[in-house]
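Here you go, one structure.
The values are calculated or read from the model by the stated rules, or taken from the named source; none is laboratory data. These figures come from a predicted structure and were not determined experimentally. Reconstructed Cβ throughout: ideal geometry from the backbone, glycine too, with neighbour counts over all protein chains shown. When the accessible area is computed, the model is the full protein with side chains, heavy atoms only, and any ligands, DNA or RNA have been set aside. Shrake-Rupley method; radii C 1.70, N 1.55, O 1.52, S 1.80 Å.
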Amino acid sequence: MANVMEVYQLLPKTNCKECGYPTCMAFAVALLGKEKIIEDCPPLIENPKYEKKLEKLRELLAPLMSADATETGMIIHTDKCYGCGNCVVACPVNVANDPKGTALGFGPKSGRAILMVEDGVIKCVNVEECRRFGPEKILCNACVVTCPGRAIEFI
Amino acid sequence: MAVCTGCSLLCDDIELECDDGKISLTKNLCRKGEGRYRSLREDRLVPAVDGVKVSFDEAISKAAEMLGDAENPLLFGWSNSTLEAQRIGIDLAKKLGATIDDTSSFCQGYLMEKVLRGEYPTCTLDEVRNFADVLIYWGSDPSSSQPRHMSRFSYFPRGEKRQRGYEEDRTAIAIDVRKSPTVVITADGFFRIPPGGDAEFIEALLAALGGKMPKVKDKKMKKKILKLGSTLRKAEFGVIFPGLGLIYSLKDEIDKLTPLITRLNEVASYKLIPMVGHYNMRGFNQTLLEETGHINRVSFKDGVEHGPQFAVTEAVNDCDALMVIGSDLISALPAAISRKVARIPTVAIDPHRNLTTDMARVTIPSALSGLEAGGSALRMDGVKIEFEPVIESGYRSDAEILSRIMEAV
Ligand code: SF4
Ligand code: SF4
Ligand code: SF4
């Protein structure tokens with residue numbers, strides 16, 4: 001999981017403001033929040049002296065930028081998933097949205113569950129319902145800590 | 001909705017989409033159940049005699065002949081068969097004067113017997129969901145073996161008296177020799193014990209429950225056990241889920257569990273549900289108990305006899321024909337006994353090929369229950385679950401195969 005400091009260390013740290021943010025630190029936060037992309041930092045892309053940093057930054061953020069990651073930064077490692085449904089039943093949003101289904105330990109009975117088990121492994125749907133979604137996000141981790149396979153992570 | 005027969009939870013909320021007799025999508029099925037469903041087309045058994053493919057009818061009559069001619073036939077397996085098949089199997093054993101035993105004989109038999117005879121208090125999994133507040137997974141690893149146990153019933157779901165679910169309303173304790181996947185999510189309640197250390201742990205717990213100092217060298221552990229003692233005392237509705245780890249560790253000292261259960265029920269209220277693996281082991285144990293007064297290891301040669309000599313591991317010594325249904329006996333036994341089994345003329349009934357069917361003289365393919373055949377079974381807590389076939393296939397159910405053998409004997 002990438003953190004702000006790690007990202008910041010790989011930026012030019014000159015606070016040149018070319019990205020539109022007052023500081024490199026603010027840009028780092030924006031990168032992690034997926035509001036900006038690496039290419040929004042012109043010096044990093046253009047100046048050859050940052051080549052190594054750029055390469056490392058791309059590596060660090062690759063999982064975040066990949067299509068696998070949902071808009072909340074959730075990454076699912078299906079190879080580690082048991083399909084046990086713990087996360088499905090523990091997710092507070094599932095419980096609130098689906099009182100007759102997931103709240104009672106069943107599979108989702110309403111269409112508003114975020115997590116469900118399909119073909120033996122976990123699948124994230126309705127991502128906009130997740131507490132980590134959007135600007136007002138709450139750092140919920142109910143689905144992470146209840147997973148026996150550590151198959152879910154957030155970046 | 002379909003029922004999964006992948007383990008003894010018999011999950012009955014499985015949604016399926018089929019396309020041309022093939023399953024194209026499943027919902028709510030765990031990975032283990034998914035594996036079972038996906039196996040539908042792989043490695044299916046064919047009717048054969050001495051390695052040569054024959055018709056279904058020929059396989060039946062050869063099986064009947066082998067079993068009918070034998071002096072000491074042994075019928076083994078049963079924990080992966082429906083209640084209906086088990087009943088016919090017991091009748092077949094009677095008719096043949098055979099010995100009958102099931103997989104509980106070398107796994108959960110002892111505990112299951114205590115539960116079925118009412119000697120250990122037990123409850124249903126629905127009661128666990130609604131009322132249980134202290135859960136002890138002892139030598140069991142539901143995350144691997146009964147993957148939906150914790151989400152459907154024991155730890156995570158909301159229930160009548162457990163509205164806040166696991167965070168505040170339930171305490172999970174795992175006692176194990178290793179950091180199993182289940183331990184990953186019960187981290188605070190993990191007690192790591194050395195292999196074979198269960199008897200000692202029981203002693204220590206008994207001491208802690210009695211307000212005495214547990215005799216444990218490790219200071220941290222001592223403190224932890226004392227604290228566990230007070231957690232256990234405060235339970236409103238405690239449940240122990242013992243697994244094979246506990247049974248194999250205690251071995252001949254398995255009765256040491258009894259004083260602990262008694263003590264726990266003096267200070268609070270505790271139930272026990274054995275963590276059965278195969279989907280209908282409990283069904284066989286209960287059916288045979290009703291029929292004979294014993295849960296396994298029965299011989300019908302001379303009326304009804306019961307004893308360790310009729311356990312599969314012993315009975316293979318002087319049996320001259322063996323029928324194995326829904327079990328890979330050869331893989332399950334220690335090598336020395338497996339070698340003996342390999343020499344006995346065997347009839348194997350199973351949906352799939354395995355080591356036992358590979359060495360059998362007669363093989364009879366069967367339908368995968370829950371998918372290709374209906375019937376009923378007892379969940380690990382004794383609740384009867386009925387199921388209908390959801391897929392058309394030419395395979396016959398265990399019950400039908402056994403009826404045919406019965407007629408032909
Ligand atoms: S982060 Fe929270 S709200 Fe989002 S899916 Fe996981 S448990 Fe549900
Ligand atoms: S992601 Fe984890 S908790 Fe969720 S179903 Fe898979 S193994 Fe279970
Ligand atoms: S927990 Fe057991 S019964 Fe339920 S879906 Fe998984 S394998 Fe099937």
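B:Val216 fails exactly one of the following numbered conditions: (1) farther than 21 Å from A:Pro148 by Cα; (2) under 23 Å from the mean Cα position of the chain (by Cα). What is the number of that condition?
In the conditions (1) farther than 21 Å from A:Pro148 by Cα; (2) under 23 Å from the mean Cα position of the chain (by Cα), B:Val216 misses (2) alone.
Same structure again: Got a sec? Which of B:Ser61, B:Ser24, B:Ser55 is closer than 30 Å to A:Asp119 by Cβ, more than 16 Å from ligand 3 (Cβ to nearest atom) and open to solvent by 20 Å² or more (accessible area, probe 1.4 Å)? Working first, answer last.
Numbers: B:Ser61 fails: closer than 30 Å to A:Asp119 by Cβ; B:Ser55 fails: closer than 30 Å to A:Asp119 by Cβ.
Result: B:Ser24 is the single residue among B:Ser61, B:Ser24, B:Ser55 that is closer than 30 Å to A:Asp119 by Cβ, more than 16 Å from ligand 3 (Cβ to nearest atom) and open to solvent by 20 Å² or more (accessible area, probe 1.4 Å).
So, one more: Out of the helices (runs of 4 or more DSSP H) lying entirely within region B:267-344, which hold 2 or more residues that are more than 16 Å from ligand 3 (Cβ to nearest atom) and closer than 26 Å to B:Gly374 by Cα?
On the way: elements: B:281-292, B:312-315, B:329-332, B:335-343.
Those helices (runs of 4 or more DSSP H) span B:281-292.
Is region B:94-101 home to any residue that is small (Gly, Ala, Ser), outside the structural domain of B:Arg404 (by TED's automatic domain parsing) and open to solvent by 10 Å² or more (accessible area, probe 1.4 Å)?
There is no residue in region B:94-101 that is small (Gly, Ala, Ser), outside the structural domain of B:Arg404 (by TED's automatic domain parsing) and open to solvent by 10 Å² or more (accessible area, probe 1.4 Å).
Tell me, which residue of region A:145-155 that is open to solvent by 30 Å² or more (accessible area, probe 1.4 Å) and touching a strand residue (DSSP E or B) at 6+ places or on another chain (Cβ under 8 Å) is nearest to ligand 1 (Cβ to nearest atom)? Let's see the steps before the verdict.
Filtering region A:145-155 down to residues open to solvent by 30 Å² or more (accessible area, probe 1.4 Å) leaves A:145, A:150, A:153, A:155.
Narrowing further to those that are touching a strand residue (DSSP E or B) at 6+ places or on another chain (Cβ under 8 Å): A:153, A:155.
Numbers: A:Glu153: 11, A:Ile155: 13 Å.
My answer is A:Glu153.
Where residues in region A:133-143 are open to solvent by less than 40 Å² (accessible area, probe 1.4 Å) and out of contact with any Lys or Arg (no Cβ under 8 Å at 6 or more places or on another chain), which of them is farthest from ligand 3 (Cβ to nearest atom)?
As a first pass, look at region A:133-143 and keep what is open to solvent by less than 40 Å² (accessible area, probe 1.4 Å): A:134, A:140, A:142-143.
Filter again for out of contact with any Lys or Arg (no Cβ under 8 Å at 6 or more places or on another chain), leaving A:134, A:142-143.
Details: A:Gly134: 34, A:Ala142: 21, A:Cys143: 19 Å.
The qualifying residue farthest from ligand 3 (Cβ to nearest atom) is A:Gly134.
Still on this structure: If A:Val93 satisfies all but one of (1) open to solvent by 30 Å² or more (accessible area, probe 1.4 Å); (2) within 15 Å of ligand 1 (Cβ to nearest atom), what's the number of the condition it fails?
(1)
So in region A:6-15, with the set limited to residues that are touching a residue at least 12 places away in the same chain (Cβ under 8 Å) and open to solvent by 60 Å² or more (accessible area, probe 1.4 Å), which one is nearest to A:Leu44 (Cα to Cα)? Reasoning before the result, please.
First pass over region A:6-15, keeping only residues touching a residue at least 12 places away in the same chain (Cβ under 8 Å): A:6-8, A:10-12, A:14.
Restricting the remaining residues to those that are open to solvent by 60 Å² or more (accessible area, probe 1.4 Å) gives A:6, A:14.
Values: A:Glu6: 15, A:Thr14: 11 Å.
Result: A:Thr14.
Which one of the conditions (1) out of contact with any Lys or Arg (no Cβ under 8 Å at 6 or more places or on another chain); (2) surrounded by fewer than 21 Cβ atoms within 10 Å (Cβ to Cβ); (3) within 14 Å of chain A (Cβ to nearest Cβ) does B:Phe190 fail to meet, given that it meets all the rest?
Answer for B:Phe190: the failing condition is (1).
Right, another one. For A:Pro48, only one of the following conditions fails: (1) open to solvent by 30 Å² or more (accessible area, probe 1.4 Å); (2) within 16 Å of ligand 3 (Cβ to nearest atom). What is its number?
(2)
Confirm whether B:Leu74 is in contact with a strand residue (DSSP E or B) (Cβ under 7 Å, 6 or more places away or on another chain) and either within 14 Å of chain A (Cβ to nearest Cβ) or at positive phi (or both). It would help to see each step written out before you state the result.
Numbers: in contact with a strand residue (DSSP E or B) (Cβ under 7 Å, 6 or more places away or on another chain): yes; either within 14 Å of chain A (Cβ to nearest Cβ) or at positive phi (or both): no.
So B:Leu74 fails the test.
Using beta carbons and a limit of 7 Å, which pairs, at least six apart or on different chains, have the first residue in region B:231-247 and outside the structural domain of B:Asp141 (by TED's automatic domain parsing) and the second one at pLDDT 95 or above?
none
I'd like the full set of residues that are away from ligand 3 (no atom under 15 Å from the Cβ) and open to solvent by 10 Å² or more (accessible area, probe 1.4 Å), limited to region A:73-86. Let's see the steps before the verdict.
Our first condition is that a residue be away from ligand 3 (no atom under 15 Å from the Cβ); within region A:73-86, this holds for A:73-80.
Within region A:73-86, A:Ile75, A:Ile76, A:His77, A:Thr78, A:Asp79, A:Lys80 meet the criteria.
What's the number of the only condition in (1) at the interface with chain A (Cβ under 10 Å from one of its Cβ atoms); (2) part of a loop (DSSP other than H, G, I, E, B); (3) more than 9 Å from ligand 3 (Cβ to nearest atom) that B:Val46 fails to meet?
The failed condition is (1).
Out of (1) among the aliphatic types (A, V, I, L, M); (2) touching a His at 6+ places or on another chain (Cβ under 6 Å); (3) away from chain B (no Cβ under 11 Å), what's the single condition that is false for A:Ala151?
(3)
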